[in-house]
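Colleague: Handing you this structure, nothing more for now.
Nothing in this text is a laboratory measurement; each read-out follows from the coordinates by a stated rule. Computed from a predicted structure; not experimentally measured. Here Cβ is always computed from backbone atoms with ideal geometry, including for glycine, and neighbour counts include all displayed protein chains.
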Ligand code: HEC
């Protein structure tokens with residue numbers, strides 16, 4: 001089965017057609033409402049489902065044989081413009097798809113036959129696992145107080161009170177100073193940037209009195 005999306009701007013038509021590749025005949029057709037594009041692409045699972053994304057960010061599954069819509073997934077702020085990727089491991093089929101949530105890159109994975117996943121949350125500023133907050137908690141929190149990271153270290157200055165600029169933090173983290181170790185080589189330049197930005201922005205808005 002092969003799903004082909006076409007648009008005809010003159011007639012304001014947007015059609016998705018499913019072709020049976022055995023005999024090249026159209027098996028079924030979907031007409032999408034005006035304004036909805038399905039240019040992200042589609043994939044067909046071994047279990048006979050055609051997965052299609054549309055420009056509203058909705059991911060749909062149709063029965064390949066009949067075109068009946070059997071499942072769909074959408075979330076506020078989620079945009080999906082890439083083709084769904086299907087793969088099998090240990091007898092279970094999985095679907096992975098790249099998108100964005102509130103402008104941040106997101107990779108979604110579904111196991112076919114699994115229950116609905118919890119809502120996707122956009123990563124905090126700085127991005128994903130290596131967010132400034134995580135880097136701070138792991139590397140800095142034992143010595144510094146910063147309310148935004150729930151840290152109460154007292155070896156170094158209280159950063160909520162100090163309110164250092166981003167460049168001050170960056171300089172200090174790279175080079176160290178006094179009893180503070182240098183993090184150059186420990187943290188990547190991107191991590192140093194992320195943690196510096198996090199500290200400067202969090203401290204700026206933190207109340208000065210604890
Ligand atoms: C082992 C304890 C320790 C760790 C870990 C540590 N610091 Fe420090 N930090 C200090 C001390 C002590 C000072 C005061 C340095 C001095 O004497 O000039 C300091 C100073 C600073 C300053 C002030 C610089 C200035 O110019 O006033 C900033 C900003 C800072 N640290 C950020 C961080 C960040 C971000 C991390 C994690 C990447 C970190 N620190 C990890 C102990 C630490």
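Colleague: Exposure proxy check: 85, 36 ranked by fewest other beta carbons within 10 Å?
Modeller: The order, fewest Cβ neighbours first, is 36, 85.
Colleague: Using a Förster distance of 30 Å, how high is the FRET efficiency between residue 104 and residue 36, based on the Cβ-Cβ distance and rounded to 0.05?
Modeller: Calculated transfer efficiency: 0.80.
Colleague: Which length gain, in nm to one decimal place, applies between residue 66 and residue 154 when the Cα-Cα distance is subtracted from 0.36 nm times their residue separation?
Modeller: 25.1 nm
Colleague: Follow-up. Name the shape class, rounded, prolate or oblate, that the alpha-carbon gyration tensor gives for segment 132-205, where a ≥ b ≥ c are the square roots of its eigenvalues, rounded holds for a/c under 1.5, and otherwise prolate holds if a/b is larger than b/c and oblate otherwise. Could you put the intermediate results ahead of the total?
Modeller: Values: a/c = 1.39, a/b = 1.22, b/c = 1.14.
Taking the square roots of the gyration eigenvalues as a ≥ b ≥ c, segment 132-205 is rounded.
Colleague: Gain in length, residue 197 to residue 92, computed as 0.36 nm per residue apart minus the alpha-carbon separation, to one decimal in nm?
Modeller: Between residue 197 and residue 92, full extension yields 33.6 nm more.
Colleague: Let me ask another. Report the extension gain between residue 138 and residue 204 in nm, rounded to one decimal, defined as 0.36 nm multiplied by the number of residues separating them, less their alpha carbon distance.
Modeller: Working: separation 66, 0.36 × 66 = 23.76 nm, distance 2.11 nm.
Extra length available between residue 138 and residue 204 comes to 21.7 nm.
Colleague: Separation of segment 144-188 and segment 25-66 by C-alpha centroid, Å?
Modeller: The two parts, judged by their Cα centres, are 51 Å apart.
Colleague: I need 73, 94, 87 ordered by Cβ neighbour count within 10 Å, fewest first. Walk me through the numbers on the way to the answer.
Modeller: Values: 73 19, 94 16, 87 13.
Fewest-to-most ranking of 73, 94, 87: 87, 94, 73.
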